[in-house]
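The values are calculated or read from the model by the stated rules, or taken from the named source; none is laboratory data. Everything quoted here is computed from the prediction, not taken from an experiment. Because the Cβ atoms are built from the backbone with ideal geometry, glycine has one as well, and the counts that use them run over all protein chains shown. Note: areas computed on protein heavy atoms with side chains; ligands, DNA, RNA excluded. Shrake-Rupley method; radii C 1.70, N 1.55, O 1.52, S 1.80 Å.
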Amino acid sequence: MKAARRSIAFVSGALLYCFGTGAAIQYAQIGLPRQVYTSLGGRNSLPVMAGEAIAIALVLFLVALVWAYLTLRPSRRRHKPYIGWLMTGIGLAWAGWLIFGAFSFALKPRAYSAPMQTLLLSSGAAPLFGALNVFGVLGGAWVAGNLARRKQLNLPSSRSQRRTQEHAHAGDADSTVSTLAPHSVIPPH
């Protein structure tokens, strides 16, 4: 069962990052109204691109927070959240998207003339597809992992109540009782 939870966390991390990148590309294509762009200096100005990048990263942070928490939350105290496996899945998906972006960037000669701010901040520009998006997904997954770990520590122990009561009564025993054998006779007074 432990291997299944690890696999689920790993695959969920990879799917989370793929979903986040796909959603960020779609959000970047939507854009803002023209009046906003003209008042801030145009679509390719640094304030507009930074604002869009931060807004998309915050949306991805919230999505990653919910997604990762639903994946990692423990149902029993002994089920520890596999945060490392989720983060490894995110890292592998990031590497895959980076390789895909590098090939996509190499196949479009016009992309070589794009300014550096476009390559770093735009969610639709290969090879990074928005550098802040990576931090949004990782940050959301990290916070969700901490919340899941805190929930695990707050869950009741998986030990049965009978066992804990037996151990509590064992401490109440009289000091004159012999502890050499399980069924010792109490010495007379």
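Looking only at residues in the range 8-50 that are without any contact (Cβ under 8 Å) to a residue 60 or more places away in the chain and within 21 Å of the chain's Cα centre (by Cα), the one that is farthest from L65 (Cα to Cα) is G22. When L92, L72, L46 are checked against the criterion of being in contact with a helix residue (DSSP H, G or I) (Cβ under 7 Å, 6 or more places away or on another chain) and within 22 Å of R150 (Cα to Cα), a single residue qualifies: L72. Being in a helix (DSSP H, G or I), closer than 23 Å to K2 by Cα and of a type in the set (V, I, T), is that true of even one residue in the range 111-125? No - not one qualifying residue is present in the range 111-125.
One line per residue, one yes/no per condition, for (1) under 26 Å from A57 (Cα atoms); (2) at pLDDT 65 or above:
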| residue | (1), (2) |
| --- | --- |
| P109 | no, yes |
| N133 | yes, yes |
| D172 | no, no |
| T179 | no, no |
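Being open to solvent by less than 100 Å² (accessible area, probe 1.4 Å), at pLDDT below 85 and not acidic (D, E) holds for only one residue in S104, S123, S160, and it is S160. For the range 55-69, the condition of being assigned to a helix (DSSP H, G or I), over 20 Å from Y27 (Cα atoms), open to solvent by 40 Å² or more (accessible area, probe 1.4 Å) and out of contact with any His (no Cβ under 8 Å at 6 or more places or on another chain) holds for at least one residue. Put simply, of G51, G89, G22, G96 the only residue that is assigned to a helix (DSSP H, G or I), surrounded by 18 or more Cβ atoms within 10 Å (Cβ to Cβ) and not hydrophobic (A, V, I, L, M, F, W, C) is G89.
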